[in-house]
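Single-structure report; data block below.
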Amino acid sequence: MTLIIAPPTRLESALAYLNGLLAGSEREVRELRRSPDRLMALVTAPLLTLVFLAIMLQAGREDLAPFAVLAPALLVLWQMALQTSGDTVESERENGSLEALVVAPAPFPAVITGRIAAVTTVSMLGFVESWLVAALVFGVRVEIYHPWVFVGAVLATAYATAGSAMALAALFVRTRAARAFQNTLTYPFYILGGIIVPVSYLPDWLEPATRLVFLSWSSDLMRSSLDAGPVQGVALHLVMIVLLGTLGGVVGGVLVRRALAEVRQTGTIGHA
Amino acid sequence: MVGTRLPRGTTARVVLASSRNAWADLAATFTPLTWTLGWLGRIVAQVIFYALIGSLLGSPDRMRYLYIGAAVVATAMETLLVVSTSTRERYSGTLPLLVASPSRLWPVFLGRSVQWLPSGVATATVALFAIGPAFGVRFTLSSGFAAFGVLVLVAITTYGYGLALAALVLRFMRLRNWATNLSYTVMMLICGVTVPLSFWPVWLQGAAQVFPLTHTLHVIRLLEGGTGDSLTILTSLGLAVLTSLGWYGVAAFLLERLATAGRRRGSIEFAES
């Protein structure tokens, strides 16, 4: 008797991907519940809101309060994505479970995407925290003058964050120094992403680099949505955020697959 | 085996032996290249991030204030990594061996994380003296040397606080990163790093006094501005040393209690209390 294993159909592949995605999200939610470290960014965000707001208020610049309130929320988004994409790979490697995860039938990129999607959703709480703390501690109420633009910017940013995290995960699969990279990829990105200071304040020669960082488009658009004046270039900003996020996701996905194929061949995925 | 002439059984010998571990840890964590490009680059970016807020405010003075604060707090932040490296002893399963050894526990932990002191001083030194002038931060030769000395004191005094925190967190391991990050952010908030102490209510100004950083940072600002008289500077340095000694005392007490209670209850393994 000959056993013929047929290649999976498109539907089967899609279902396997969906399964992996759901399993990844479930796993991340469990992980978030039991490891306080994963929620670190959400714990420090209220204090950072106070740090930034205090700077603006002490300088007598209440008009810049929206900048101060927005920044910690964006920090949370980036930090949690960075932490998840790095820790997902690194902790599995430390556990010795990375090999098992890679050879499991569920596609590895789907599991990672599921985990990243779950953490990105949770990190949205950063916005709520910042707004609440500003109102409760300093009595500063930051009004959202263009709610639809704001919501659009937040959703597009969440999507782009998840996409970029995928690219980061690809980097972390290859390196043994994921945690060192995690540290390095914070503040340089906060500057290039104009998280608190718009990139127009940076030297001109840096501008091309800032436009490759989706956060620079996100922070611009979100700040504009908090301003009473009309918002310019909504479509361009949204398209750029989504485009850069998609680019990160696609490149990340391809790189993860390639890295996995390579480490499978060389047998260097785990502790080797 | 410790190559030293210090007599066996002395506290100094234990601290020295433990510090060998610290240097080995640093060498395992960073190469000169990864320290410079990765770690130093990240810290400098952090300092610039805060200084740029000064440019947003349109005030060179605010930029200078924020730059100095963020540069000096980097030393404190790095010194607080004592919490992470101390708690690693418990994760690695070496804490029971340390408790079982004839030495007391506090000298071991005192030496265990000293690698962060020179590292923290070096990052702030580069930020303050090499890159600082681009942000309006200027020291004369003498005030620069004095400020460097105070940076060393920032590291040593904050290490006491960090050690006490580590001793506390060794009982609540899951909170170790929260403790470090919250401490560091509270320092940013109330110790005169980003806004003067006078911005805060009196009770919060009082709370800031327990952090040695409040006093040492104040001295560095006086040295940079060329405005401090000797008495003010010496008083602030004295307060930094005093509060720090208090923290070192708390750390030693908590570490010894951890060892005693752990021996009695047999809870020192990987358990949390």
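Here are the numbers:
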read-out	value
Residue among B:Ala130, B:Ala134, B:Ala122 that is open to solvent by less than 50 Å² (accessible area, probe 1.4 Å) and either at pLDDT below 95 or over 13 Å from B:Val15 (Cβ atoms) (or both)	B:Ala122
Those residues of the range B:199-213 which are over 20 Å from the mean Cα position of the chain (by Cα), more than 9 Å from chain A (Cβ to nearest Cβ) and part of a helix (DSSP H, G or I), in sequence order	B:Val202, B:Trp203, B:Leu204, B:Gln205, B:Gly206
Residue check, B:Val99 of a type outside the set (Gly, Ala, Ser), outside any helix (DSSP H, G or I) and either crowded, with 23+ Cβ neighbours inside 10 Å or more than 14 Å from chain A (Cβ to nearest Cβ) (or both)	no
Among residues of the range B:213-237, those that are among the small types (Gly, Ala, Ser) and touching a helix residue (DSSP H, G or I) at 6+ places or on another chain (Cβ under 8 Å), counted	3
Considering residues of the range B:44-70 that are closer than 17 Å to B:Leu189 by Cβ and in contact with a Leu (Cβ under 8 Å, 6 or more places away or on another chain) only, the residue surrounded by the most Cβ atoms within 10 Å (Cβ to Cβ)	B:Ile68
Residue in the range B:165-173 that is in a helix (DSSP H, G or I) and within 14 Å of another protein chain (Cβ to nearest Cβ) present	yes
So B:Leu222, is it free of Cβ contacts under 8 Å to residues at least 60 places away in the same chain, in a helix (DSSP H, G or I) and of a type in the set (A, V, I, L, M)	yes
Yes/no for A:Met124 being under 17 Å from A:Arg33 (Cα atoms) and either among the hydroxyl-bearing types (Ser, Thr, Tyr) or open to solvent by 40 Å² or more (accessible area, probe 1.4 Å) (or both)	yes
Matching residues in the range B:57-96 - criterion: being over 18 Å from B:Ala122 (Cβ atoms) and part of a loop (DSSP other than H, G, I, E, B)	B:Leu57, B:Gly58, B:Ser59, B:Ser92, B:Gly93, B:Thr94
From the options B:Thr235, B:Thr216, B:Thr194, residue that is open to solvent by less than 30 Å² (accessible area, probe 1.4 Å), at pLDDT 95 or above and assigned to a helix (DSSP H, G or I)	B:Thr216
Of the criteria (1) within 11 Å of chain A (Cβ to nearest Cβ); (2) within 15 Å of B:Leu117 (Cα to Cα), which one B:Arg20 fails	(1)
Residue list for the range A:61-88, restricted to those being open to solvent by 10 Å² or more (accessible area, probe 1.4 Å), touching a residue at least 12 places away in the same chain (Cβ under 8 Å) and facing another protein chain (nearest Cβ under 10 Å)	A:Phe67
Selected residue (criterion: farthest from the other protein chains (Cβ to nearest Cβ)) from residues of the range B:23-47 that are assigned to a helix (DSSP H, G or I) and more than 20 Å from the chain's Cα centre (by Cα)	B:Pro32
Options A:Val213, A:Val263: the member that is aliphatic (A, V, I, L, M), modelled with pLDDT under 95 and within 15 Å of the chain's Cα centre (by Cα)	A:Val213
Residue match in the range A:219-237 (condition: within 25 Å of B:Gly54 (Cα to Cα), assigned to a loop (DSSP other than H, G, I, E, B) and open to solvent by less than 20 Å² (accessible area, probe 1.4 Å))	yes
Cβ pairs under 9 Å, 6+ apart, first in the range A:192-213 and away from chain B (no Cβ under 13 Å) and part of a helix (DSSP H, G or I), second of a type outside the set (A, V, I, L, M) and surrounded by fewer than 20 Cβ atoms within 10 Å (Cβ to Cβ)	A:Glu207/A:Ser200
Inter-residue pairs, beta-carbon under 8 Å, first outside any helix (DSSP H, G or I) and in the range B:122-150, second of a type in the set (A, V, I, L, M), 6+ apart	B:Gly136/B:Met63; B:Val137/B:Ile68; B:Val137/B:Ala71; B:Val137/B:Leu128; B:Phe139/B:Leu128; B:Phe139/B:Ala147; B:Phe139/B:Leu223
Residues of the range A:27-60 that turn out to be open to solvent by less than 30 Å² (accessible area, probe 1.4 Å), assigned to a helix (DSSP H, G or I) and under 14 Å from A:Gln83 (Cα atoms), as a count	8
Whichever residue in the range A:127-159 is more than 23 Å from the chain's Cα centre (by Cα) and among the aromatic types (Phe, Trp, Tyr) and, among such residues, is surrounded by the most Cβ atoms within 10 Å (Cβ to Cβ)	A:Phe138
Qualifying residue in the range A:242-252 (condition: open to solvent by 50 Å² or more (accessible area, probe 1.4 Å), more than 17 Å from the chain's Cα centre (by Cα) and modelled with pLDDT under 90)	no
So A:Glu92, is it free of Cβ contacts under 8 Å to residues at least 12 places away in the same chain, farther than 30 Å from B:Cys191 by Cβ, open to solvent by less than 40 Å² (accessible area, probe 1.4 Å) and in contact with a helix residue (DSSP H, G or I) (Cβ under 7 Å, 6 or more places away or on another chain)	yes
Selection from the range B:102-119 of residues that are in a helix (DSSP H, G or I), open to solvent by 10 Å² or more (accessible area, probe 1.4 Å) and farther than 21 Å from B:Thr31 by Cβ	B:Trp106, B:Val108, B:Leu110, B:Arg112
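The values are calculated or read from the model by the stated rules, or taken from the named source; none is laboratory data. None of these values were measured; they are calculated from a predicted model. Every residue, glycine as well, gets a Cβ built from its backbone with ideal geometry; the counts of neighbours run over all protein chains shown. Heads up: the accessible areas ignore ligands, DNA and RNA and are worked out on the full protein's heavy atoms, side chains in. Shrake-Rupley method; radii C 1.70, N 1.55, O 1.52, S 1.80 Å.
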